[in-house]
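Participant: I'd like to ask you about the structure that follows.
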Amino acid sequence: MLPLPSFSLLAPDRLDDVLAPLGQPGVRLLAGGTDLLPSMKHRLFKPATLLSLSRVPELARIEPTEDGGLRIGAMATLLGVRQDARVRAGWPALASACATVATRTIQAMGTLGGNVMLDTRCLYYNQPAGWRASIGGCLKAEGSVCHVAPRGTGCYAAQSSDTVPSLMLYEAELELLSRRGSRRLALSELFSADGRDGPRIERDELLRAVILPPPGAVVLHRKVRPRGAIDYGMLLVAVRRQGDGGSAVISALGPAPVSVRVEQLGDLAQAAWKASNPLSTHSWSSTWRKHMVRIEVARAVAELTTPRLAIAHG
Amino acid sequence: MPDEIVLKTTINGESARLLVPANRSLLDMLREDLGLTGSKHGCDVGDCGACTVLLDGQPRLSCITLAAEADGRAVRTIEGMAEGGLLHPIQEALHRHVGAQCGYCTPGIVMALAPLVDDPDQAVDDETLREVLGANICRCTGYTRILSAAREVLAGGDRQRGRAAGAREPSDGGTA
């Protein structure tokens, strides 16, 4: 049995009452809890106060925007997003990415906002406290040495959100809210170069919604993981076709997703391979994960350009 | 700021008012405070599904759900599945098909499958069934008999409990 550390709990039902304590020392937001609570059981976080968002209904709404896009409330569940007819029709790669998260039960609990704001992950970090203590701790959690790169000074924990690669290629924006007002941030601006630094928003800001621009972008998402369920990805790939060329976002290899763009779609797999530098943040070989970048991007390109191949790759 | 939470909830049809520490998981509240030990501690971090309960009718992993989430909501556990002396149809089918060996995962599997069975309008294809079961780790059965039990109940069209005379009796050992 892994007990949770002690904390105080706030579960307001009004948005204003969420914003008031947000940013105060020791206060941490709780969305679906599917990553935060296991991490707290592993003593990766010991917040004095948890601020639950689950009682604020307006945060879970999915609604069209004036320009024909979609505004998905941060507390919309991954299962709800996946099953939403508008998402499936206009942004199908997001629906399929949500369907690859963990398990259906987790998808019914976890939220899109929580998935976007997911803590970076590493073989040496996402472990029980006793496991970490046995190797002298991990740099991101409590130690002084990174077991991935012992001679370095940085943290290489990997951005592992399943929804981020396709959302980036759909050019999603984040609606951020604080007592100071509201602002938009391109999702691609959210990520830090060091795995310890977390999302690049202010401490008093709440991710209120993910904004999708009008549909039209042709995007495909692929996930490589040990098992067909439960596991986080050891490689995440999203590919977008743009005329003769295209873009790819490669993730789960380092603290921030990597974007590449080429003029000829046939060059995309090689460009993505060149731009990818996985380290041993996962129990599977980083050499193999880099090798798989080229293969997975090529498969995605093949599916985008030859629809029949989509059947072959299931 | 409160370190303890007062909950008004309904557990297996009975309303309850409880005072629990803020850091109590729903699973620990059920097991330690209420003695409902049918829901199991497995991995304790949301991977294995052994702790699955229904919160307002939907499967939840109670080991990574705060007890406070049950406030104003209805909780159903494996202890509340039998009604009037009759097992839930999925329990009957698992029994007939011998869809359990050590049994540790079985309560969670019943709670994950029950909402599919209880919604007669929901067509459940095999892909969906497999995906739902993907949330519950069973290391004994290899899932074959669990799947055959679920398929039988879902395909039968008759999802009522006590559907056959002697439904609580084991069959000739299962033929799956």
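The values are calculated or read from the model by the stated rules, or taken from the named source; none is laboratory data. The structure presented is a predicted model; accordingly, all values stated were derived computationally and were not measured. With ideal geometry, Cβ positions are generated from the backbone for all residues, glycine too; neighbour counts draw on all protein chains shown.
Participant: Yes or no: the range B:36-52 includes at least one residue that is on the phi < 0 side of the Ramachandran plot, surrounded by fewer than 16 Cβ atoms within 10 Å (Cβ to Cβ) and not assigned by TED's automatic domain parsing to the domain that holds B:Leu116.
Facilitator: yes
Participant: Which of the residues spanning the range A:77-94 are more than 14 Å from every other protein chain (Cβ to nearest Cβ) and buried (at least 22 other Cβ atoms within 10 Å of the Cβ)?
Facilitator: Once the filter is applied, which keeps residues that are more than 14 Å from every other protein chain (Cβ to nearest Cβ) and buried (at least 22 other Cβ atoms within 10 Å of the Cβ), the range A:77-94 yields A:Val81, A:Val87, A:Trp91, A:Ala93, A:Leu94.
Participant: Kindly check whether there is at least one residue in the range A:166-184 that is over 26 Å from A:Gly113 (Cβ atoms), assigned to a helix (DSSP H, G or I) and in contact with a Lys or Arg (Cβ under 6 Å, 6 or more places away or on another chain).
Facilitator: no
Participant: Kindly indicate the residue of the range A:29-49 that is part of a strand (DSSP E or B) and in contact with a Ser or Thr (Cβ under 7 Å, 6 or more places away or on another chain) and also farthest from A:Ile201 (Cα to Cα) among those meeting that condition.
Facilitator: A:Thr49
Participant: Let me ask you something else. I'd like the full set of residues that are more than 13 Å from chain B (Cβ to nearest Cβ) and either of a type in the set (S, T, N, Q) or farther than 16 Å from A:Glu205 by Cβ (or both), limited to the range A:10-28.
Facilitator: Answer for the range A:10-28, where residues must be more than 13 Å from chain B (Cβ to nearest Cβ) and either of a type in the set (S, T, N, Q) or farther than 16 Å from A:Glu205 by Cβ (or both): just A:Arg14.
Participant: Here is a further query. So B:Ala22 ticks every box in (1) among the small types (Gly, Ala, Ser); (2) within 23 Å of A:Pro38 (Cα to Cα); (3) more than 11 Å from chain A (Cβ to nearest Cβ) but one. Which box is left unticked?
Facilitator: Every condition holds for B:Ala22 apart from (3).
Participant: Taking the range A:6-46 as the region of interest, how many residues are under 21 Å from the mean Cα position of the chain (by Cα) and either of a type in the set (A, V, I, L, M, F, W, C) or over 22 Å from A:Met109 (Cβ atoms) (or both)?
Facilitator: The total comes to 8.
Participant: Looking for whichever is of a type in the set (Asp, Glu), within 12 Å of chain A (Cβ to nearest Cβ) and either within 14 Å of the chain's Cα centre (by Cα) or under 19 Å from A:Pro38 (Cα atoms) (or both) here; the options are B:Glu4, B:Glu32, B:Glu69. Which one fits? It would help to see each step written out before you state the result.
Facilitator: Details: B:Glu4 fails: either within 14 Å of the chain's Cα centre (by Cα) or under 19 Å from A:Pro38 (Cα atoms) (or both); B:Glu32 fails: either within 14 Å of the chain's Cα centre (by Cα) or under 19 Å from A:Pro38 (Cα atoms) (or both).
It is B:Glu69.
Participant: Suppose the filter is under 20 Å from B:Gly46 (Cα atoms) and modelled with pLDDT of 95 or more; does A:Leu59 pass it?
Facilitator: Against the criterion (under 20 Å from B:Gly46 (Cα atoms) and modelled with pLDDT of 95 or more), A:Leu59 does not qualify.
Participant: Further, regarding this structure: Going through the range A:97-124 one residue at a time, which ones are among the hydroxyl-bearing types (Ser, Thr, Tyr) and away from chain B (no Cβ under 14 Å)?
Facilitator: Hits for the range A:97-124 are A:Thr120, A:Tyr124.
Participant: Can you name every residue in the range A:47-72 that is over 22 Å from the mean Cα position of the chain (by Cα) and within 12 Å of chain B (Cβ to nearest Cβ)?
Facilitator: A:Ala48, A:Thr49, A:Arg55
Participant: Across the range A:65-89, what is the total count of residues that are touching a Leu at 6+ places or on another chain (Cβ under 6 Å) and assigned to a strand (DSSP E or B)?
Facilitator: 3
Participant: Out of the range B:100-117, which residues are away from chain A (no Cβ under 14 Å) and without any contact (Cβ under 8 Å) to a residue 60 or more places away in the chain?
Facilitator: Within the range B:100-117, B:Ala100, B:Gln101, B:Cys102, B:Gly103, B:Thr106, B:Val117 meet the criteria.
Participant: Tell me which residues, restricted to the range B:1-31, are in a strand (DSSP E or B), surrounded by fewer than 20 Cβ atoms within 10 Å (Cβ to Cβ) and small (Gly, Ala, Ser).
Facilitator: If the condition is that a residue be in a strand (DSSP E or B), surrounded by fewer than 20 Cβ atoms within 10 Å (Cβ to Cβ) and small (Gly, Ala, Ser), then B:Ser15, B:Ala16 are the ones that fit.
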